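The values are calculated or read from the model by the stated rules, or taken from the named source; none is laboratory data. Just so we're clear, the structure is a prediction, and the values are computed from it rather than from any experiment. All Cβ positions, glycine included, derive from the backbone under ideal geometry; neighbour counts span all protein chains shown.
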Amino acid sequence: MNRLLSRRGAIAATAALLFIGTAACGTGSRSGKQLTIGFAAPVLANSYWKANADFTRRMGAQLGVKVIVADAQEREDSQLKNVQDLIAQGVDGIVFGPTTAEIGPALLRACQRAGIVCGAAARKPGIEPSRESDSYYAGYVVGNDTGDGAAGATALSDAGCKKVVAMSGLQGNSTADARLNGFTKKARDLGLTILGTPQRPVELPESGLKATQNFLARFPGPRFDCLWAFNDGSAIGAIRALSAARAQKVKVASIDGTAEGVKAIKSGRMLVSPGGEFINGGLALIAVYDTIKGHPRANRAVVLNTLRVTRGNVDAYQREFIDRLPRYDARKLSKARNPSAAEDGLKIVFGP
């Protein structure tokens with residue numbers, strides 16, 4: 001059993017004890033003062049979440065919203081405490097990327113008890129939006145994680161790979177689970193042989209390097225010709241380990257389209273990294289803002305179609321998503337600020 005599941009009871013009990021009077025919360029929306037929205041990230045050491053937080057701040061600034069960022073450092077208990085602390089500070093809303101699906105319901109209950117609006121980014125919180133949660137749950141904005149995992153398998157197969165090793169994030173992390181499932185199914189459909197058991201949790205460069213060293217020790221030679229990683233952070237560590245072992249011929253595929261991933265693609269060390277999805281935090285902030293202002297989105301379960309970043313489009317992608325923050329206008333996307341805003345406007349836009 002996942003060691004995190006054993007903490008479910010403790011987490012639920014902690015959330016049940018949480019009660020903050022609503023008089024201290026949501027004051028911005030009622031008084032006309034500046035709104036404050038918290039951004040509870042799972043791990044800012046991951047460059048994906050750093051870019052996500054930066055874009056969320058940008059969207060908040062365009063809407064006149066103060067954004068407070070908190071880092072859970074991949075710990076469920078820390079993330080619950082971060083949300084509690086944000087509520088105690090009197091924020092009007094919270095956007096969170098749940099560390100795992102197990103902590104998601106507790107974070108939603110904390111927002112519900114405090115009478116503030118919350119929304120999820122990148123990872124589903126384990127509960128779908130419903131009519132019963134209209135007042136406090138603005139919904140989620142996530143990526144097509146299953147499709148992104150499958151894209152990696154396709155890229156590796158197209159490159160002639162036959163035997164692959166894989167690594168993914170924390171079990172219970174909905175993004176890591178869905179990406180791995182998408183990769184595994186597609187790889188098997190395409191006839192790729194997956195050696196051993198996917199290593200997890202592997203999210204940061206250091207853990208990616210160690211996981212790859214373990215693969216190299218278990219399958220010397222190496223006996224695999226490709227490697228799939230669920231995110232760029234772990235892929236960068238894997239590339240370092242492969243280079244140190246003089247196994248640069250092993251082809252690598254990843255996900256997230258971060259600056260590190262772009263550099264690896266341009267150097268020829270990575271085949272593909274679906275990207276652009278890190279804007280989900282900023283888009284979720286718009287949804288939370290609209291709900292606070294009394295203009296909730298009709299679609300509260302937004303799934304973004306990511307961009308398949310390869311050698312063919314990496315330069316254009318870098319110009320639009322890496323060298324600067326993507327050019328989005330939150331005021332035009334917000335239904336509260338722009339009543340004619342398209343309902344499907346919360347999406348990734350690439351090109352003219």
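From the set of residues in region 107-141 that are in contact with a Ser or Thr (Cβ under 9 Å, 6 or more places away or on another chain) and either of a type in the set (Ser, Thr, Tyr) or outside the structural domain of TYR48 (by TED's automatic domain parsing) (or both), which is modelled with the lowest pLDDT?
Filtering region 107-141 for residues that are in contact with a Ser or Thr (Cβ under 9 Å, 6 or more places away or on another chain) and either of a type in the set (Ser, Thr, Tyr) or outside the structural domain of TYR48 (by TED's automatic domain parsing) (or both), the one modelled with the lowest pLDDT comes out as SER135.
Test of understanding: among ALA211, ALA245, ALA150, which residue is out of contact with any strand residue (DSSP E or B) (no Cβ under 6 Å at 6 or more places or on another chain), farther than 21 Å from LEU307 by Cα, of a type in the set (A, V, I, L, M) and touching a residue at least 24 places away in the same chain (Cβ under 8 Å)?
ALA245
Among the residues of region 37-55, write down those that are assigned to a helix (DSSP H, G or I) and touching a Ser or Thr at 6+ places or on another chain (Cβ under 8 Å).
Result: SER47, TYR48, ALA51.
What number of residues within region 184-211 are of a type in the set (Val, Ile, Thr), under 23 Å from the mean Cα position of the chain (by Cα) and within 13 Å of VAL164 (Cα to Cα)?
Adding up the residues that qualify gives 1.
Conditions: (1) assigned by TED's automatic domain parsing to the domain that holds LEU283; (2) modelled with pLDDT under 95. GLU203 meets all but one. Number of the miss?
That leaves (1) as the condition not met.
For region 287-312, what are the residues that are in a loop (DSSP other than H, G, I, E, B) and within 22 Å of PRO129 (Cβ to Cβ)?
Residues satisfying the conditions are LYS293, GLY294, HIS295, PRO296, ARG297, ALA298, ASN299, ARG300, ASN305, THR306.
Out of all the residues in region 252-268, is one or more assigned to a helix (DSSP H, G or I) and buried (at least 24 other Cβ atoms within 10 Å of the Cβ)?
yes
Please tell me if SER243 is surrounded by 24 or more Cβ atoms within 10 Å (Cβ to Cβ) and either outside the structural domain of GLY115 (by TED's automatic domain parsing) or small (Gly, Ala, Ser) (or both).
Spelling it out, it is not the case that SER243 is surrounded by 24 or more Cβ atoms within 10 Å (Cβ to Cβ) and either outside the structural domain of GLY115 (by TED's automatic domain parsing) or small (Gly, Ala, Ser) (or both).
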